[in-house]
Amino acid sequence: MKAIIVKESRELALIDLPEPVPGPGQALVDVKAIGVGYVDVMAVRGGYVRFPGTGAVPGLEVVGRVRAVGRDVSEDLIGTEALALAAFGGYAEQIVAGADRLLPTPSGADPVDLVALGVNALVAEGALHRTGVVAGDRALVRGAGGGIGVLATQIARARGAEVTVVTSSRERGERLRALGAAKVFDRTGAGLPDETYDLIVDTVGGPQLPEYLELPRPNGRYILIGGVGGSPGPEPFAPLLREFHKSVTFFTFSLNSLSPKDLRRSWDRVMTLSVEGDLSPVLDESFPLSDAATALRRVERATPFGKVVLLPH
Ligand SMILES: NC(=O)c1ccc[n+]([C@@H]2O[C@H](COP(=O)([O-])OP(=O)(O)OC[C@H]3O[C@@H](n4cnc5c(N)ncnc54)[C@H](OP(=O)(O)O)[C@@H]3O)[C@@H](O)[C@H]2O)c1
């Protein structure tokens, strides 16, 4: 099979690899669409400790069809389509994933649409579920034009929140309004949004984290789900301690902490939102697998609006 590996120089190369064999508890999936995310950038550039490094195949999520299963896995899975979550290995024509990390997809649905939801929808939905978003909440989304942000904006809106988005251009702001944002704050100017919020969903972190930690209302919730802005520096939590009386709850959220059962529940909620028309995938651009380096650079430069996807065929 064709697969992309990371070379010692940190460049990517398309090579032939033997087809993987599913072990006990695993399934072999023929890949139809591959999700590209900021985690892949970190993995390839050497900033993600869970990635094995040189010679390994990046890619955490694919949509495809199950071709074979290993021991202790029901053969009923063969021929079904699923979103497969893996600990890397996704930039390939085939992937082996744990059967408990296969999330069923509706037959006939477009694999590109499904992978454009994929991990990003699970993170956005999982984060909003954990913080208990309710109708009438005033919510703020940072990194709103990114893969996770465009979905968090829609889901918060679908749950009845009034959503303000932080983004980097008028054009991105308009696109986010079309996805349900009520207000837009342009982060390329000075200052911060001049309101306070019941709920802040932050995919950015970075040096401005302490300033954003000033924005929750009393009893507000702040959930940090990513770090595209880099390190928040020393003592980012000083505002929470200084404003102890506000009883703000700070969460971190990683999909890695969800049990297979909770992953499945979250995916079911994502599929329901999608079927009911409350959540649409947002595709930035798709590239052939052989062009993975271009796709990755696009994510690295923070230019995509929505999801970047690779196609093995
Ligand atoms: N918690 C989890 O389980 C989980 C899972 C997957 C990924 N992640 C993480 O979530 C984060 C976001 O992922 P993603 O795929 O949505 O990334 P993405 O598509 O690259 O989007 C990030 C967005 O953040 C904004 N941004 C970029 N650099 C910024 C900066 N320096 N300061 C302020 N805003 C900036 C940009 O949006 P605007 O221009 O619109 O502002 C950009 O589109 C990453 O750190 C990723 O590793 C977490």
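The values are calculated or read from the model by the stated rules, or taken from the named source; none is laboratory data. Given the structure is predicted, the values throughout are model-derived calculations rather than measurements. Here the Cβ is made from the backbone with ideal geometry for all residues, glycine too, and neighbour counts use every protein chain on show. Surface accessibility is based on the protein's heavy atoms, side chains included, excluding ligands, DNA and RNA. Shrake-Rupley method; radii C 1.70, N 1.55, O 1.52, S 1.80 Å.
Taken as Cα centroids, the range 49-71 and the range 10-45 sit 4 Å apart, rounded to the nearest whole angstrom.
Simple spin-label estimate for R264 and R10 gives 4.0 nm between the two label positions (7 Å along the Cα-to-Cβ direction from each Cα).
Expected output is a single nm value to one decimal: the length gained when fully extending between T272 and A87, i.e. 0.36 nm times separation in residues minus the C-alpha distance. What is it? Can you show the working numbers first?
Numbers: separation 185, 0.36 × 185 = 66.60 nm, distance 2.62 nm.
Extending this stretch completely gives an extra 64.0 nm.
Solvent exposure of K261, expressed as accessible area, is near 140 Å², computed with a probe of 1.4 Å over the protein chains only.
For the range 255-313 versus the range 121-136, the inter-centroid distance based on Cα atoms is 17 Å. For V69, nonlocal amide neighbours, meaning residues 5 or more places apart or on other chains whose placed amide H falls under 5 Å from its own, are L28. Cross-link partners of K246 among lysines, defined as those whose alpha carbon lies under 28 angstrom from its own and excluding same-chain residues fewer than eight positions apart: K183. Can you give the log10 of the normalised intensity I(q)/I(0) at q = 0.17 Å⁻¹, computed with Debye over equal Cα scatterers of the range 119-255? Ignoring solvent entirely, the Cα scatterers give -0.83.
Apply 1/(1 + (r/R0)^6) to the Cβ-Cβ distance of E19 and S254, taking R0 = 41 Å, and write down the FRET efficiency to the nearest 0.05.
Values: r = 31 Å, r/R0 = 0.75.
Step by step, r from the Cβ atoms, then E = 0.85.
Scattering from the range 12-69 was approximated by placing one identical point on each alpha carbon and applying the Debye formula without solvent; log10 I(q)/I(0) at 0.12, 0.22 1/Å stands at -0.35, -1.06.
Given charges of +1 on the Cβ of Lys and Arg and -1 on the Cβ of Asp and Glu, with all other atoms neutral, how large is the dipole of the range 119-255 about its Cα centre, in debye to the nearest 20? Working shown, then result.
Working: 15 positive and 14 negative charges, 55 e Å.
Roughly 260 debye, rounded to the nearest 20.
Give me the percent of accessible area attributable to carbon and sulfur for the chain, probe 1.4 angstrom. Walk me through the intermediate numbers first.
Values: 6980 of 13690 Å².
Its accessible area is 51 percent carbon and sulfur atoms.
For the chain, the spherically averaged projection of the C-alpha convex hull amounts to 15.8 nm². Please report the net charge: other residues with Cβ closer than 14 Å to the Cβ of G47, K and R +1, D and E -1. After counting each charged neighbour, the total is +1. A cut-off under 10 angstrom between Cβ atoms defines the neighbours of K2, and their net charge, with Lys, Arg +1 and Asp, Glu -1, is -2.
Toward the positive end of the charge dipole of the chain, with +1 on the Cβ of Lys and Arg and -1 on the Cβ of Asp and Glu, the farthest Cα among L103, V36, L215 is that of L215. About the centre of its Cα atoms, the range 83-157 shows a dipole size close to 360 debye [charges on the beta carbon of Lys, Arg (+1) and Asp, Glu (-1) only; nearest 20 debye]. Multiplying the residue separation of R50 and N219 by 0.36 nm and removing their Cα-Cα distance gives an extension gain of 57.4 nm. Which one, P232, A139, V63, is farthest towards the positive end of the dipole of the chain when Lys and Arg carry +1 and Asp and Glu -1 on their Cβ? Farthest along the dipole direction, towards plus: P232.
Dipole of the chain, Cα-centred, from +1 at each Lys and Arg C-beta and -1 at each Asp and Glu C-beta, to the nearest 20 debye?
On the way: 33 positive and 37 negative charges, 91 e Å.
So the dipole magnitude of the chain works out to roughly 440 debye.
Ranking F250, L151, L17 by Cα position along the charge dipole of the chain, where only Lys, Arg, Asp and Glu carry charges on their C-beta atoms, puts F250 farthest toward the positive end.
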